[in-house]
Amino acid sequence: MKAPIILAAGLLMLAASPAFSEVYRHVDAHGNVTFSDEPMEGGEEVQVKPVTTITLPKPEAVREPEQLRERMERESAAYQSVSFSHPANEQAFHSGNGAVTFEMQSSPALRRGHKFEVTLDGQPVGQSSSGSVAVDNIDRGTHEAGVHIVDQNGVRVKSGPPITFTIHRPSVLN
C-alpha cells in the first residue's frame, strides 16, 4: 500500500517541477554564434533562467464593478461633445518635420482632473488639459486621429468622432 502512494507522490513532484531544457552555444572560426538544444563539438552549455509567465483571467471572469460603470456613465453624460478643431477632417498639408498640433474642444469645458487624449492610428500620443497637443515626426501619408476625454486615472470618459488627415513631407525620392 505504501508503494503506490510513494510512486504517486514521486510522479506529482516530477510533474510539478519546472521543465528545463539545455541550451548550447557555439562560436565558429568566423565568429558566428549559434545556439542549439543539441550539444555540438566545441560548444558550451548555457544556463538559461526560467521564463516568467503570467496567466490573465478569462474575459468572462472579469466583471466591472457596478459602481465604476455608473460613475463612468455619469461622467460621460456630463459632456455633450468632444471634437478636433484643428486639423480639419480630410485635410492635407505639408509638414517638413512631420509636426502636427492638434486642437481640441469640448462642450462643456473640461472638468477638474480631466484631460484631452489624442490617439494617432489607434495609439495614444499625448494628453493635455489645455486643449492643444503637439506631435512630432509623424510619417508622411494618411492617418486617423482620435480625441478622447480621460479622467485622473486615465480612463476614457467620452470619445469624439475620429478624423483623417494627410501629411506631405519632402523626400529625396520626390
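Can you give the FRET efficiency for Arg169 and Glu41, using 1/(1 + (r/R0)^6), R0 = 45 Å, r = Cβ-Cβ distance, to the nearest 0.05? Walk me through the numbers before you get to the answer.
Working: r = 54 Å, r/R0 = 1.19.
Once the sixth-power term is evaluated, E becomes 0.25.
For a test of the definition: using alpha carbon positions, the gyration tensor, and the 1.5 limit on a/c, classify region 66-168 as rounded, prolate or oblate. Taking the square roots of the gyration eigenvalues as a ≥ b ≥ c, region 66-168 is prolate. Each of His30, His168 was scored by other Cβ atoms within 10 Å of its Cβ. Listed from fewest to most, they are His30, His168.
Relative contact order for region 66-168: 33 percent, from Cα pairs under 8 Å spaced at least 6 residues apart, divided by residue count.
Coordinate-derived values only; no laboratory data. Quick caveat: nothing in here was measured; it's all calculated off a predicted structure. We place every Cβ from the backbone using ideal geometry, glycine too, and count neighbours over all the protein chains shown.
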